[in-house]
2 protein chains.
Amino acid sequence: MNDSYLNFVNSPLGARVARSLGLPKPEVLRRYKADAPEFDGIVAVGAGPAPQLLDALADVIAHIGITSVAHPGAGLWVPLANRHGLMTGRFEATDPAAGVQARVWALVFDASGIDNSAQLATLYTFFHDTLRSLDKSGRIIVLGRPPEACASPRQWTAQRALEGIVRSLGKEARRGIAANLLYAAHGAESNLEATLRFFLSPRSAYVSGQAVRIGAAANALVADFDWTQPLAGQRAVVTGAARGIGAAIANVLAAQGAHVIGVDIPPPHGRARRHDAPDRRHGARARHRAPETPAQLATALDELGVDVLVHNAGITKDKTIAKMSEAAWRDVIDINLSAQERIDDALLEAGTLRDGGRIVAVSSISGIAGNLGQTNYAASKAGVIGRVQSMAPLLARRRITINAVAPGFIETQMTAKMPLALREAGRRMNSMSQGGQPADVAQTVAWLAHPGSSGVTGQIVRVCGQSLIGA
Amino acid sequence: MNDSYLNFVNSPLGARVARSLGLPKPEVLRRYKADAPEFDGIVAVGAGPAPQLLDALADVIAHIGITSVAHPGAGLWVPLANRHGLMTGRFEATDPAAGVQARVWALVFDASGIDNSAQLATLYTFFHDTLRSLDKSGRIIVLGRPPEACASPRQWTAQRALEGIVRSLGKEARRGIAANLLYAAHGAESNLEATLRFFLSPRSAYVSGQAVRIGAAANALVADFDWTQPLAGQRAVVTGAARGIGAAIANVLAAQGAHVIGVDIPPPHGRARRHDAPDRRHGARARHRAPETPAQLATALDELGVDVLVHNAGITKDKTIAKMSEAAWRDVIDINLSAQERIDDALLEAGTLRDGGRIVAVSSISGIAGNLGQTNYAASKAGVIGRVQSMAPLLARRRITINAVAPGFIETQMTAKMPLALREAGRRMNSMSQGGQPADVAQTVAWLAHPGSSGVTGQIVRVCGQSLIGA
């Protein structure tokens, strides 16, 4: 729960010690706070040839009301920004000799028009000129087109190459900077705002090195929601909400206006317990019920329906497979994976999960990369990825999205119990040189649950500070 | 080129030192040798419910002539094996107290019939019982069905979960054991032999943690080839064949019977050089020509055509992007990526690359995960992935396959120049605790180039000893 090294090297004494010994100094990440402005700082805008998403970007920047500056390569930006009534200017390359450094919060590059590998040099020029001006805990966002939808192999190739650039930028920027790639489908231009806001916001502090696809969903945007309370009037079910990441998810969804109902997962042949999440800040009262099966859970919830369903409940029973008991295998698979299937089936069959709703499941880096001593857990979490990918096209008919978050090393009671050396390795082996907070996962879930995220489905988003570990 | 730690801890004195100090002891991997039998040892066979690939497996085991034993869960195997005239028996679970351990070379599990998450317990039982009996440098192979082709979400989910199991098994088996997952499409049953042979063979020593898809290609199997000289009579072009991985590729393809032509990549506006690869063992003479463009290269090669085209040529010019010159960006993109596109276009347009041919491109872990100081290189290698994925469906019309290998840490002159700490980290951060050899990449290329690999296309196969690093 407590990264004492991070705290130490960010104390006045610790900073001096770290400097003199040449120790790494992880940044204290700038995170979302309800009592601080969500957006400030300057966005520097760059573009490749024939950019197609600058208009959508200008819309978002106008809505959130921040200042932008245009790199010389994004000549279209200034007249466009003027048309949107934006505060804007030209990016001035930093002259280190001059002393004062221009500081920007975010670097956003529109690569949507790039259709061959030679044109990738436009990204080189932009990031070559601007990266040093990017603030600590800042943001790199590259906008592209989904490779698999590209007309020619050369365009597909160049768009796919963006992944290599963005992931490398995340690894070399360090200083708490997050770098992500957003692939917007043709027709998704009006679907970008919730996603761009999330990736520009301190809410996405620990999400880095990700490639996210945004599609042109049927109902592009729910007409009437309030950006400060986007989940107002919605009912959200969160499994395993009693503590850790689940509790954080319940709190963040509640803070965004949802009525949150916590549910404990029924063991294979046992009982589910339902209670309103104990979110003191929002004054929800805890009530308990005990439906015996997912079907009864669906019935119990059916009176009012559910808009957001978060499958967070999960357990670990780690052992190498030779030493693992069959019960440890079956319990982990059943609770982490099969129970999600049973609950979805029941809620979807009964129509309890409303059309246009959201399902978010919690996967794990172990589900992506595998892990020593976690054949059972990794199987369950890899299965969650399969669930998301298989169900997304089916649920699209009902305008329901399904996505997964895959946490890396998150500071919880669970990770606090790890042996020191493993814990330290987990904490440091990522581009942020630190573990994430439960709220980092929760904010990512809230973005996926957002009414404006209708174009985001079938995605696996890691919340891992760009962990070195992968597949 | 030389892993002195690996050599030391595998010497009599070093082994004692390592044991007494508790140091990790990477295994000397069993690799393919022309003068030793390729297949020996015992294969232990397991199966889930309704296995569909045992017949194909029995065929392969009969052809390569090794002994199999059946786990109790694979009851179908014994009569099937008898029908194929195989030496077979029952797997006896090892009793550590009894002293003598039964040793098997490979554990092969047919998971193709698994259609829900509860059935994954059959893998638990098999590997729980057998993993301790698996020899050093042994093989774990799980056979499944491609998740994206599954009929129901639950089947897709369970098949996708296999990835978590196999990757975890690779990480906990250690001892030089490679674990891989083969997803065979319906109709691909007759396409499995070349791939199963490769993954059962010492040729795949450094390929672990991979999920490979085998499709039902139009021409299932080229009728007449010799398994000992599968590329006999074929012409293979290898770019960058003068040294390192490229030289190893040229040698292995030549050893499998190909006539190998080495080509140096033309710089942006320069000349290509062509020469027969200097493979002394196979007595090819070096001839030189200097076509000025890929089109001229195509013309020069057109007299006899090309069956196998290996895009290996590549350079690095590492710098953080703020310090990188534009020339360093452009040269790396051009030589590593754009040149591949130009050459393919020329050879495909001219029909120089024959129908039914093979393209294999060399990508990199940096292209998957990104890397500090390699925005240019990672972009080029991520682009190679895009090339493979975009061109595979187009080339299928001409029965040409295109795939990529993505090397991890390989012992070459290039990696020998790395700073010691980085080099040691690269070497040890994988399930083999050591770097790979150029021949490991070359053998993987040869499998993809094999006439029996017609069902393998659009795949990215890492040759990385299951590196921890990924995306």
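The values are calculated or read from the model by the stated rules, or taken from the named source; none is laboratory data. Model, not experiment: these values are computed from the prediction. With ideal geometry, Cβ positions are generated from the backbone for all residues, glycine too; neighbour counts draw on all protein chains shown. Quick note on the areas: whole protein, heavy atoms, side chains included, nothing else; ligands and nucleic acids left out. Shrake-Rupley method; radii C 1.70, N 1.55, O 1.52, S 1.80 Å.
Tally up the residues in the stretch A:364-423 that are hydroxyl-bearing (Ser, Thr, Tyr) and under 25 Å from residue B:118 (Cβ atoms), please.
6
For the stretch A:49-69, which residues satisfy the criterion of being closer than 29 Å to residue A:155 by Cα and open to solvent by 60 Å² or more (accessible area, probe 1.4 Å)?
Answer for the stretch A:49-69, where residues must be closer than 29 Å to residue A:155 by Cα and open to solvent by 60 Å² or more (accessible area, probe 1.4 Å): A:50, A:52, A:55, A:59.
With the structure loaded, tell me whether residue B:429 is within 14 Å of chain A (Cβ to nearest Cβ) and open to solvent by 10 Å² or more (accessible area, probe 1.4 Å) or whether it fails that test.
Criteria met by residue B:429.
Pairs only if they're at least six apart or on different chains, beta carbon under 8 angstrom, first in the stretch A:378-405 and more than 7 Å from chain B (Cβ to nearest Cβ) and farther than 24 Å from residue B:171 by Cα, second open to solvent by less than 10 Å² (accessible area, probe 1.4 Å) and of a type in the set (Phe, Trp, Tyr); list them, first residue then second.
As it stands, the answer is none, since no pair meets every condition given.
Residues that are of a type in the set (D, E, K, R) and closer than 23 Å to residue B:209 by Cβ: does the stretch B:352-375 have at least one?
No, the stretch B:352-375 contains no residue that is of a type in the set (D, E, K, R) and closer than 23 Å to residue B:209 by Cβ.
Quick check on my filter: what residues within the stretch A:2-15 are without any contact (Cβ under 8 Å) to a residue 40 or more places away in the chain and open to solvent by 60 Å² or more (accessible area, probe 1.4 Å)?
Result: A:4, A:7, A:8, A:12, A:13.
Is it the case, given these coordinates, that residue B:428 is of a type outside the set (Gly, Ala, Ser) and on the phi > 0 side of the Ramachandran plot?
Answer is no for this residue.
Given the stretch B:318-371, what helices (runs of 4 or more DSSP H) lie entirely inside it while holding 3 or more residues that are open to solvent by less than 10 Å² (accessible area, probe 1.4 Å), in contact (Cβ under 8 Å) with a residue 40 or more places away in the chain and hydrophobic (A, V, I, L, M, F, W, C)?
In the stretch B:318-371, B:326-333, B:339-349 are the helices (runs of 4 or more DSSP H) which contain 3 or more residues that are open to solvent by less than 10 Å² (accessible area, probe 1.4 Å), in contact (Cβ under 8 Å) with a residue 40 or more places away in the chain and hydrophobic (A, V, I, L, M, F, W, C).
Report the residue count in the stretch A:1-15 for those that are in a helix (DSSP H, G or I) and more than 19 Å from residue A:437 (Cα to Cα).
4
Restricting the stretch B:439-471 to residues that are assigned to a strand (DSSP E or B) and of a type in the set (A, V, I, L, M, F, W, C), which is nearest to the other protein chains (Cβ to nearest Cβ)?
Among residues in the stretch B:439-471 that are assigned to a strand (DSSP E or B) and of a type in the set (A, V, I, L, M, F, W, C), the one nearest to the other protein chains (Cβ to nearest Cβ) is B:469.
Just to be sure before I move on: is residue A:119 modelled with pLDDT of 95 or more and surrounded by fewer than 22 Cβ atoms within 10 Å (Cβ to Cβ) in the structure I sent?
In short, yes.
One line per residue, one yes/no per condition, for (1) surrounded by fewer than 20 Cβ atoms within 10 Å (Cβ to Cβ); (2) of a type in the set (A, V, I, L, M); (3) in contact (Cβ under 8 Å) with a residue 12 or more places away in the chain:
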| residue | (1), (2), (3) |
| --- | --- |
| A:161 | no, yes, yes |
| A:168 | no, no, no |
| A:174 | yes, no, yes |
| A:185 | yes, yes, yes |
| A:191 | no, no, yes |
| A:201 | yes, no, yes |
| A:205 | no, yes, yes |
| A:209 | no, no, yes |
| A:227 | yes, no, yes |
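Starting from residues that are of a type in the set (A, V, I, L, M) and under 17 Å from residue B:217 (Cα atoms), keep the ones in the stretch B:372-400 and report whichever is surrounded by the fewest Cβ atoms within 10 Å (Cβ to Cβ).
Looking at residues that are of a type in the set (A, V, I, L, M) and under 17 Å from residue B:217 (Cα atoms), I get B:394.
Suppose we keep only residues that are open to solvent by 40 Å² or more (accessible area, probe 1.4 Å), more than 7 Å from every other protein chain (Cβ to nearest Cβ) and assigned to a helix (DSSP H, G or I) within the stretch A:130-154. Which one would you say is farthest from residue A:188 (Cα to Cα)?
A:148
With the condition being free of Cβ contacts under 8 Å to residues at least 24 places away in the same chain, I'd like the strands (runs of 3 or more DSSP E) fully within the stretch A:16-129 carrying at least 3 qualifying residues.
Once the strands (runs of 3 or more DSSP E) in the stretch A:16-129 are filtered for at least 3 residues that are free of Cβ contacts under 8 Å to residues at least 24 places away in the same chain, what remains is A:88-90.
Can you find even one residue in the stretch A:220-228 that is closer than 30 Å to residue A:337 by Cβ and part of a loop (DSSP other than H, G, I, E, B)?
Looking for residues that are closer than 30 Å to residue A:337 by Cβ and part of a loop (DSSP other than H, G, I, E, B), one finds none in the stretch A:220-228, hence no.
Is it the case that some residue within the stretch A:178-185 is more than 14 Å from chain B (Cβ to nearest Cβ) and within 12 Å of the chain's Cα centre (by Cα)?
yes
Can you find a residue that is within 13 Å of chain A (Cβ to nearest Cβ), over 30 Å from residue B:139 (Cα atoms) and not aromatic (Phe, Trp, Tyr) anywhere in the stretch B:345-368?
Checking the stretch B:345-368: at least one residue is within 13 Å of chain A (Cβ to nearest Cβ), over 30 Å from residue B:139 (Cα atoms) and not aromatic (Phe, Trp, Tyr).
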